[in-house]
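**Q** Take a look at this one; I'll ask things after.
The values are calculated or read from the model by the stated rules, or taken from the named source; none is laboratory data. Remember, predicted model here, so these are calculated numbers, not experimental data. When we count neighbours, we look across all protein chains shown, and the Cβ atoms used for this are built from the backbone with ideal geometry, even at glycine. We work out accessible area using only protein heavy atoms, side chains counted, and drop any ligands, DNA or RNA first. Shrake-Rupley method; radii C 1.70, N 1.55, O 1.52, S 1.80 Å.
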Amino acid sequence: MKVPFLNLKIQYEKIMKEINAEIEDVFKNTAFIGGEKVKVFEENIAEYVGTKYAVGCNSGTDALVLALRACGVLPGDEVITTAFSFFATAEAIAAVGAIPVFIDINESDYNIDVSKISEAITDKTKAILPVHIFGAPCDMDAIMSIAKKHGLRVIEDDAQAIGSMYKGRKAGSLGDVGCFSFYPTKNLGGAGDGGMVTTNDEELATIMRALREHGSGLNGAKALEYLGGAVEDTIVNEKVTDLYNPYKYYNYLIGYNSRLDAIQASVLNIKLKYLDGYNERRRQIAKMYIDNLTKKVVTPVYSENVVSCFHQFVIATDCKYELCDYLNKNEVGCGTFYPVPLHEQKAFNSDNCKNYNIDLPVSQMMSEKTVCLPIFPEMSDDMVEYVIECVNKYFE
Ligand SMILES: *Cc1c(COP(=O)(O)O)cnc(C)c1O
């Protein structure tokens, strides 16, 4: 039997009719960027996540950049984050000129070790950026209470966690801003790049709306004021006419071109209806793995406070590459996330990263042990059983 690591085709074949009709609609209306489809999708995500605002953007990476900028993170500021994530988490911090401060992880769930956060806080710390890695939410109560005590912002990296819950609340509604990715392989994946930020804070939402569109327009003017700048009275009080609009082509902040397009919003709007079902199937598959895999591999242990959306199913073993090789030979796909912890990435050095190459033993150890097994909603029970059989046979 062949079990690919991921198969997006099966999912699309089931919903292709619905998607084609929506895409045809986009072409009929020729509102390719922004417009009604994006607005509806933003409203649907805000409702799904349980926040007042949701702002679409170009990618999960951009979502993090917009969130950091909106939270007032400036060049030279420090942002505390995990050493065990996809590179974009730390890249976004560096992209705004801030310094990532990497913290080690728990061995049980691969998330940031909250007991090590307080000691890393300095005068320069502006924010904490926890990542709900593989879909399992971090210990958010602990993180929020540390942040409150020190007056820090909390930006969630929810790229892998759409639909995940912490104490009955959705990931993306737990910190100051939630950052989502709709990269095609994510649990809610588009037909291209896409992202979203979620927040309950009107000021943050307005700043992010402004930044995604060159810091322009009325949002830009408001954002400038929120960030402490003064908009000239003459502009604010100028009468808007058809010919003279003081907000159009007036830019108030250096922003980005980071808009969500209507084709992505249409595809994602359709898939959002099925997301809870997709995630439920992922949890069933995870349970089959946990119940039946040999005890010679270590499966993740999650707190009873969390419901994971199982973006990935990760196991730990001392023979990471040998096992992957064996699985591949038996036509089972697998992933090796993440082989290099962030504080050891070549892109970082002592100039752009405070604790480059220090000893973070758990992250280093886990990066040498993790193998991700296939987990996608369309996997049949037979496929899951075959993967289990292959892993268990390897260890016999
Ligand atoms: C995918 C991912 C991102 C980046 O999202 P893009 O949409 O690819 O830019 C950021 N953080 C994590 C944890 C991710 O998995």
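**Q** Out of the stretch 105-135, which residues are open to solvent by 10 Å² or more (accessible area, probe 1.4 Å), closer than 20 Å to Ser367 by Cβ and in a loop (DSSP other than H, G, I, E, B)?
**A** Scanning the stretch 105-135 gives Asn106, Glu107, Ser108, Asp109, Asp113.
**Q** What is the one condition in (1) surrounded by 14 or more Cβ atoms within 10 Å (Cβ to Cβ); (2) under 28 Å from the mean Cα position of the chain (by Cα) that Asn245 does not satisfy?
**A** That leaves (2) as the condition not met.
**Q** Filter the stretch 43-88 for residues that are within 16 Å of the ligand (Cβ to nearest atom), assigned to a helix (DSSP H, G or I), under 23 Å from His311 (Cα atoms) and open to solvent by less than 20 Å² (accessible area, probe 1.4 Å) and give the result. Reasoning before the result, please.
**A** So in the stretch 43-88, the residues within 16 Å of the ligand (Cβ to nearest atom) come out as 45, 54-69, 79-88.
Applying the additional criterion that residues be assigned to a helix (DSSP H, G or I) yields 45, 60-69, 88.
Restricting the remaining residues to those that are under 23 Å from His311 (Cα atoms) gives 45, 60-65, 67, 88.
Ile45, Gly60, Ala63, Leu64, Val65, Ala67, Ala88, listed by residue number.
**Q** Here is a follow-up. Go through the stretch 136-156 and count every residue that is closer than 25 Å to Glu280 by Cβ and open to solvent by less than 10 Å² (accessible area, probe 1.4 Å).
**A** Looking only at that region, the number is 5.
**Q** Please give the helices (runs of 4 or more DSSP H) falling wholly within the stretch 202-295 in which 2 or more residues are over 30 Å from Ala161 (Cβ atoms). Working first, answer last.
**A** Details: elements: 202-211, 217-226, 233-236, 262-292.
Answer list for the stretch 202-295: 217-226, 233-236.
**Q** Given the condition in contact with a helix residue (DSSP H, G or I) (Cβ under 9 Å, 6 or more places away or on another chain) and part of a helix (DSSP H, G or I), answer yes or no: does some residue in the stretch 348-365 qualify?
**A** Yes.
**Q** Of the residues that make up the stretch 319-341, is at least one over 23 Å from Ala92 (Cα atoms) and of a type in the set (Ser, Thr, Tyr)? Working first, answer last.
**A** Here is the first cut: in the stretch 319-341, the residues over 23 Å from Ala92 (Cα atoms) are 319-335.
Applying the additional criterion that residues be of a type in the set (Ser, Thr, Tyr) yields 321, 326.
Scanning the stretch 319-341 turns up at least one residue that is over 23 Å from Ala92 (Cα atoms) and of a type in the set (Ser, Thr, Tyr).
Let's see how each residue does on (1) touching a residue at least 24 places away in the same chain (Cβ under 8 Å); (2) in contact with a Lys or Arg (Cβ under 9 Å, 6 or more places away or on another chain); (3) within 16 Å of the ligand (Cβ to nearest atom):
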site: Asp141; (1), (2), (3): yes, yes, no
site: Arg153; (1), (2), (3): yes, yes, no
site: Glu156; (1), (2), (3): yes, no, yes
site: Ala171; (1), (2), (3): yes, no, yes
site: Gly175; (1), (2), (3): yes, yes, yes
site: Gly192; (1), (2), (3): yes, no, yes
site: Ala205; (1), (2), (3): yes, yes, no
site: Tyr226; (1), (2), (3): no, no, no
site: Ala230; (1), (2), (3): no, no, no
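**Q** Then there is this: Any residue in the stretch 372-396 that is over 24 Å from Ile133 (Cβ atoms) sitting within a Cβ distance under 8 Å of a residue that is assigned to a loop (DSSP other than H, G, I, E, B) and among the charged types (D, E, K, R)? List the pairs, counting only those 6 or more apart or interchain.
**A** Phe395/Lys296
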